[in-house]
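I have placed the structure first, in the form of structure tokens, so that the comments after it can refer back to it.
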Amino acid sequence: MLIGTPSAAKIRSASPGVHHKSKLGKHMQTIFKTLAVGAILAIGTGTVLAADAAVGTWKLNLAKSTFSPGPAPKSQTRTYVESAQGMTVTVKTTAADGKDSTTTLTYKEDGKSYPETGSPDLDMVTITRVDALTIHSTQTKAGATIGTAVRTVSKDGKTLTFAQKGTHANGAKYDNVSVYDKQ
């Protein structure tokens, strides 16, 4: 072996590192390409940031809704907003007698109870997700279950249906199907 020239052992020990870096670079390129293709597909299918389909403002369609025993409200608007605390729904109603009211609920779909404000009928709501377009809720007042509801958003995202059964604070039973149009 000549002095000043690298030995074969040194050359062999350097080669795996160079080869390893090259493999790692190719592996990272493959991962990046896979992520990029996935992002493009997600954008194309409209599923980026899989937001709740209910996010937005919904106006009650009285012609498509049923209220038993009634009377139906004059108008109602539901607004859903996502935040770090969960989903917040604000419901603004003008009742048949012209009185305005607002209820607010911030919840997560974790099966835990969350407080609702502004309603004489209930004080807590528990939400669980059924599928991408449907949630189920249970309403309670002072720990007793007073009602259940199913909220469904249509596949085209234009209609929200809120089917609710229960008992008002005054003891009257109700069975309402409220249909809303996306605004």
Original post:
If you keep only loop residues by DSSP, which trypsin sites (Lys or Arg not before Pro) in the stretch 76-183 have at most 15 other Cβ atoms within 10 Å of their Cβ?
Top reply: LYS99, LYS108, LYS112, LYS155, LYS158
**OP:** Name all residues of the stretch 89-119 having a backbone nitrogen under 19 Å from the label point set 7 Å from the Cα of THR57 along its Cα→Cβ direction, giving them as ranges.
**Re:** 89-95, 100-105
Original post:
Sequence-distant or interchain residues sharing an amide H contact under 5 Å with SER75, placed H: which?
Top reply: THR94
Original post:
Within straight cross-link reach of LYS92, meaning Cα distance under 19 Å, which aspartates and glutamates are found once same-chain residues fewer than 8 apart are removed?
Top reply: GLU82, ASP100, GLU116, ASP121, ASP123, ASP181
Subject >> Residue pairs, from the table LYS74/LYS155; LYS74/LYS158; LYS64/LYS108; LYS112/LYS182; LYS64/LYS141, whose Cα atoms sit over 24 Å apart >> reply: LYS74/LYS155; LYS64/LYS108; LYS112/LYS182; LYS64/LYS141
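Only the coordinates and a few stated rules stand behind these numbers; no lab work does. Note that the structure is a prediction, hence the values are computed from the model and not measured. Positions of Cβ are backbone-derived with ideal geometry, glycine not excepted, and every protein chain shown enters the neighbour counts.
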